[in-house]
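S.K.: Once you've had a glance at the structure underneath, I'll fire off some questions.
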Amino acid sequence: MQFKSDKIVALLILLPSLILVGIFVYGFIGQTVYVSLTDWGKGAALAKNPEMNLIGLKNYGELFSGFLNSRFRQDLVNAVFYTLFLVSGALGVGLILAILLDRGPKGESVFRTIFLYPMSLSFIVTGTIWRWLLAPRGGINRLPTMIGLPAIGFRWLNSRQSILNFNWQNLPQITAIVVGAAFLFIAFRQWRSGLKKKGLLSLIPTLILLLWALWGARFTPEILPTPEQHGFNLATIGIIITAIWQYSGYTMALYLAGLRGISEDLREAARLDGANQFQYYLNVAIPILKPMTMSAIIILAHISLKMFALIFAMTGPDNAETSHPAVLMYLTTFRANNFAKGAAIAVVLFVMVAVFIVPYLISAYRERRA
Amino acid sequence: MLKKLNWGKLVVYSALVLFSLLYLMPIYMTIITALKHPVNISLTTAWKLPGNINWGSFAEAYNTLGPNFMNSLYLAVSATVISAILGSLNGYVFSKWKFPGNEIVFTLVLFGMFIPYQIILIPLFRVLRQLNLYGGIPGLALAHIVYGIPITSLIFRNFYARIPESMIESAQMDGAGFFGIYRRIILPLSAPGFVVVVIWQFTQIWNEFLWGITLTRHSANPITVGLAQLAGGQAVSWNLPMAGSLLAAFPVLIIYILMGRYFIRGLLAGSVKG
């Protein structure tokens with residue numbers, strides 16, 4: 001029996017926070033989207049009332065196909081690779097660490113502390129330290145000399161090599177092939193689980209996309225006037241290693257909590273079925289850990305899609321090889337005062353993060369309601 | 001004694017020790033480099049222990065970073081305290097005074113902790129300038145408090161959800177209202193919740209860089225910005241950035257080592273489900 005006046009008090013207590021979140025989150029997102037559609041940034045950009053005219057999607061057009069904005073496109077490619085490698089690396093290492101600690105070896109809490117301490121540090125601290133470790137003729141590269149092997153010659157942070165290059169002009173076709181392959185996979189799974197009719201239906205978009213990519217695209221105009229190569233820059237490997245070193249403790253903690261939640265009965269049952277340790281983890285534990293894997297993917301993807309401080313500390317904001325849209329957004333906005341284009345970069349980043357976060361929040365919401 | 005060598009255990013322990021060395025290697029390198037004289041630092045002897053120890057790097061680093069250190073301390077302490085109080089009140093309402101649409105509103109609030117902060121940076125910069133808060137610590141603190149609302153509300157909400165409804169009801173029978181229940185039942189049980197939130201917010205604010213570099217003037221730069229400037233540039237003698245890194249890491253490392261358990265709870269709370 002709650003009294004009505006108390007309910008009003010409760011809402012009044014919450015209200016300031018809701019208003020602040022409303023303005024600072026939703027209002028500001030709206031404003032950034034609006035700014036991205038203007039030309040704010042010409043002349044006196046920092047004036048009290050800067051000149052701002054709506055120019056539609058011109059900023060986005062320039063980012064994705066403008067002659068002067070090829071750095072943005074490489075940054076976008078970098079962001080995808082950063083995300084791919086950070087997520088898979090931290091998941092893999094974290095899982096191994098969690099399995100090693102699962103049976104409670106002696107000194108477990110010491111080991112846990114060691115694996116997790118990087119997580120408490122600032123990216124600026126870890127970035128500064130690893131920059132020294134990855135110095136071209138010192139640090140990591142000299143480790144093999146301790147056991148008599150020749151030093152490594154790899155230039156971790158300033159290599160100019162890049163692999164997996166592709167022509168940005170082919171991006172629509174590449175996207176079509178990737179999406180087509182995803183539909184093919186869905187069709188295959190539906191077919192196998194007995195939904196033959198649905199499986200066949202899922203094949204239709206695959207066929208359309210692949211047909212267009214391999215044949216029809218010849219007749220659509222190119223998005224860029226000249227071919228433009230982008231790929232995986234090897235100079236990002238050092239930054240990726242640092243990020244994995246820093247975040248694998250997090251996935252370890254997440255997985256360890258999950259492994260400890262598995263009942264002893266289940267483990268015993270697996271043992272009685274003749275499963276050895278390896279089979280137990282592969283066939284019993286890892287499938288149970290799926291929700292932890294999902295959470296970790298979301299959190300890590302979100303972190304690597306806004307990676308700024310680590311790159312800033314390791315290679316500086318001006319290094320185009322290792323750059324990221326988050327870094328370019330900072331340079332465009334606060335160095336070049338081109339607020340409109342900075343806002344457009346921010347919106348692209350936001351959309352990429354939202355693709356991961358929104359479904360996650362909706363499913364969490366459904367779970368709470370259930 | 002060694003009746004049967006347990007190979008499984010041997011593999012597990014050697015792997016654990018190997019991984020530990022890998023994780024501790026950077027901190028080892030940091031400490032030995034910070035303790036060397038600049039002339040003794042060379043790439044070829046980087047892994048060797050310092051011959052004669054130079055404590056001066058720390059004093060020198062503190063000379064440069066001291067003001068930044070104090071800025072971060074003021075910022076982190078003030079913003080953390082306000083954040084924790086706000087979070088506790090919000091969590092109390094979200095868990096014990098559910099209103100129609102409670103869950104939807106909560107989800108909308110949570111969204112705020114997952115946005116890349118680039119998306120709000122330009123309007124934030126503008127609004128702080130209009131409020132005359134741009135450049136100083138109060139403006140930065142305001143940002144941390146506002147964008148800390150989602151995570152602090154989440155941690156407290158999940159924490160208070162475990163307080164049984166019956167306790168609330170019996171207090172209401174005794175005539176306690178919104179604040180009475182908070183003071184007599186919720187607050188006395190809140191200590192672990194506050195520890196988790198305070199550690200989490202303090203660490204986050206201490207380590208933050210993007211707002212530090214875009215929203216403060218030189219005199220109000222937090223420690224992360226100071227360290228980035230100290231370590232940036234090409235011709236650095238590495239003992240100084242390493243000593244600076246240790247200085248910037250010191251408060252959060254101490255908190256982590258002493259209160260690791262609570263730090264992990266905050267960490268896991270970030271994954272919304274569960």
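S.K.: Roughly how many Å² is the accessible area per residue of the stretch B:184-274, as a whole number, for a 1.4 Å probe?
M.R.: With the other protein chains kept in place, the stretch B:184-274 gives 38 Å² per residue.
S.K.: Test of understanding: in a Gaussian network model of chain A with alpha carbons linked when under 10 Å, which of A:A275, A:A326, A:A257 would top the mean-square fluctuation ranking?
M.R.: Result for chain A, Cα springs under 10 Å: A:A275 fluctuates most.
S.K.: Let me ask another. If you split all Cα-Cα distances of the stretch A:234-349 into 10 Å bins from zero, what percentages do you get per bin, shortest first?
M.R.: Values per bin, smallest distances first: 12, 30, 23, 16, 12, 6, 1.
S.K.: Please determine, in degrees from 0 to 90 and to the nearest 10, the orientation of helix B:7-34 with respect to the longest principal axis defined by the Cα atoms of chain B, where the helix direction is its Cα long axis.
M.R.: Helix B:7-34 sits roughly 70 degrees off the main axis of chain B.
S.K.: Please compute how much accessible surface disappears when B pairs with A, both sides summed, using a 1.4 Å probe, and round it to the nearest 100 Å².
M.R.: Buried: approximately 9000 Å² between A and B.
S.K.: Same structure, new question: Post the alpha-carbon centroid distance, the stretch B:3-62 to the stretch B:144-178, in whole angstrom.
M.R.: Each part reduced to its Cα centre gives a spacing of 46 Å.
S.K.: Enumerate the amide H contacts of A:S162 below 5 Å, restricted to partners 5 or more residues apart or on another chain; note that Pro and chain-start residues carry no placed amide H.
M.R.: A:L234
S.K.: Given the DSSP H assignment, sum -39500 (n - 2.57) over each helix run of at least 4 residues in chain B and divide by its residue total; what's the result at 222 nm in deg cm²/dmol, nearest 500?
M.R.: Calculated from helices alone, the mean residue ellipticity at 222 nm is -23500 deg cm²/dmol.
S.K.: Continuing with this model, one more query. Within a Cβ distance under 15 Å of A:I55, other residues only, what is the Lys/Arg minus Asp/Glu net charge?
M.R.: So the environment of A:I55 carries a net charge of 0.
S.K.: Throw me the Rg/Rh for the protein assembly as shown, computed over C-alpha atoms with Kirkwood Rh, two decimals.
M.R.: Result for the protein assembly as shown is an Rg/Rh of 0.98.
S.K.: Between B:L258 and A:L46, what is the label-point separation in nm under the 7 Å Cα-to-beta-carbon projection?
M.R.: 4.1 nm
S.K.: Just to make sure I understand: if all protein chains stay in place, what is the order of B:H37, B:H144 by accessible area at 1.4 Å, largest first?
M.R.: B:H37, B:H144
S.K.: How large is ³J(HN,Hα), in whole Hz, for each residue of the stretch B:56-64 in order, when computed from phi with the Karplus curve 6.51 cos²θ - 1.76 cosθ + 1.60 and θ = phi - 60°, using x for Gly and Pro?
M.R.: So the Karplus estimates, Gly and Pro as x, are x, 4, 5, 4, 5, 5, 5, 4, 7 Hz.
S.K.: What does the average come to when, for each residue of peptide A:12-23, you count the partner chain Cβ atoms lying within 10 Å of its Cβ?
M.R.: Neighbouring Cβ atoms belonging to other protein chains average 6 per residue here.
S.K.: Under the classification rounded if a/c is under 1.5, otherwise prolate if a/b is larger than b/c and oblate if not, where does the stretch A:134-292 fall, given a ≥ b ≥ c as square roots of the Cα gyration tensor eigenvalues?
M.R.: Since a/c reaches 1.5 but b/c is at least a/b, the shape of the stretch A:134-292 is classed as oblate.
S.K.: With a 1.4 Å probe and all protein chains kept in place, how do B:V12, B:V77 rank by accessible area, largest first?
M.R.: Listed by decreasing accessible area, they come as B:V77, B:V12.
S.K.: Equivalent-ellipsoid semi-axes (√(5λ), Cα gyration tensor) for the stretch B:1-113, whole Å, largest first?
M.R.: Ellipsoid half-lengths, sorted descending, are 46, 32, 12 Å.
S.K.: Put simply, what bits of the stretch A:294-309 lose 30 Å² or more of accessible area when the other protein chains are there, versus the chain on its own (1.4 Å probe)?
M.R.: Relative to the lone chain, where solvent access is computed with a 1.4 Å probe, the stretch A:294-309 loses at least 30 Å² at A:I299, A:H302, A:K306, A:F308.
S.K.: Next question, about the same structure. Which peptide among B:217-229, B:153-165 comes first, and what is the full order, when sorted by highest mean count of other Cβ atoms within 10 Å?
M.R.: Packing order, densest peptide first, comes out as B:217-229, B:153-165.
S.K.: Extending each Cα 7 Å along its Cβ direction at B:S42 and A:R369, get the distance between those two points in nm, one decimal.
M.R.: 6.9 nm
S.K.: Kindly provide the helix-only [θ] at 222 nm of chain A, computed as the sum of -39,500 (n - 2.57) over DSSP H runs of four or more divided by all residues, to the nearest 500 deg cm²/dmol?
M.R.: Rounded to the nearest 500, the figure is -20000 deg cm²/dmol.
S.K.: A follow-up question, please. Of B:V77, B:I41, B:G135, whose Cα points farthest to the positive end of the dipole of chain B (charges on the beta-carbon: +1 Lys, Arg; -1 Asp, Glu; origin at the Cα centre)?
M.R.: Value computed over the given set: B:I41.
S.K.: Let me make sure I get this right: for chain A, a, b and c are the square roots of the gyration tensor eigenvalues over alpha carbons, sorted descending. Under 1.5 in a/c it's rounded, otherwise prolate if a/b > b/c, else oblate. Which is it?
M.R.: Taking the square roots of the gyration eigenvalues as a ≥ b ≥ c, chain A is rounded.
S.K.: What's the carbon and sulfur percent of chain B's accessible surface, probe 1.4 angstrom, rounded to a whole number?
M.R.: So the carbon and sulfur contribution to the accessible surface is 68 percent.
S.K.: Heavy-atom accessible area per residue, the stretch B:37-88, 1.4 Å probe: how many Å²?
M.R.: With all protein chains present, the stretch B:37-88 gives 53 Å² per residue.
S.K.: Another question about this same structure. Roughly how many percent of the accessible protein surface of chain A is carbon and sulfur, given a 1.4 Å probe and a whole-percent answer?
M.R.: Solvent-exposed carbon and sulfur of chain A make up 68 percent of the total.
S.K.: Calculate the length of the line joining the C-alpha centroid of the stretch A:295-370 to that of the stretch A:47-82, in whole Å.
M.R.: 14 Å
S.K.: Enter the mean number of other protein chain beta carbons within 10 Å of the beta carbon of each residue in B:102-110, as an integer.
M.R.: That works out to 5 on average.
S.K.: Moving on to the next point. With a 1.4 Å probe and every protein chain left in place, tell me how much accessible area B:S166 has, in Å² to the nearest 10.
M.R.: Answer for B:S166: close to 70 Å² accessible.
S.K.: Additional query: Across 10 Å bins from 0, what is the distribution of all Cα-Cα pair distances for the stretch B:94-243, in whole percents?
M.R.: Computed distribution, short to long bins: 9, 28, 27, 20, 11, 4, 1, 0.
S.K.: Which of the residue pairs A:K306/B:K36; A:K58/A:K306; A:K197/A:K290; A:K198/A:K290; A:K42/A:K306; A:K306/B:K98 have a Cα-Cα distance greater than 31 Å in the structure shown?
M.R.: Pairs exceeding 31 Å: A:K306/B:K36; A:K306/B:K98.
S.K.: Let me ask you something else. Debye sum, Cα scatterers, chain B, no solvent: what log₁₀ I/I(0) at q = 0.09, 0.12, 0.13, 0.15 1/Å?
M.R.: At q = 0.09, 0.12, 0.13, 0.15 Å⁻¹ the computed log10 ratios are -0.59, -0.90, -0.99, -1.14.
S.K.: Compute for the stretch A:97-148: radius of gyration divided by Kirkwood radius, i.e. Rg/Rh, restricted to C-alpha atoms, rounded to two decimals.
M.R.: Answer for the stretch A:97-148: 1.13.
S.K.: Given H placed on each backbone N at 1.01 Å, which residues far from A:T38 in sequence or on other chains put an amide H within less than 5 Å of it?
M.R.: Amide H neighbours of A:T38: A:I55.
S.K.: Taking only protein heavy atoms and a 1.4 Å probe, what accessible area per residue, in Å², does the stretch A:254-357 have with all protein chains in place?
M.R.: I get 38 Å² per residue for the stretch A:254-357.
The values are calculated or read from the model by the stated rules, or taken from the named source; none is laboratory data. What you see is a predicted model; the values in this text were computed from it and never measured. We place every Cβ from the backbone using ideal geometry, glycine too, and count neighbours over all the protein chains shown. To get the accessible areas, we keep the full protein, side chains included, count just its heavy atoms, and leave off ligands, DNA and RNA. Shrake-Rupley method; radii C 1.70, N 1.55, O 1.52, S 1.80 Å.
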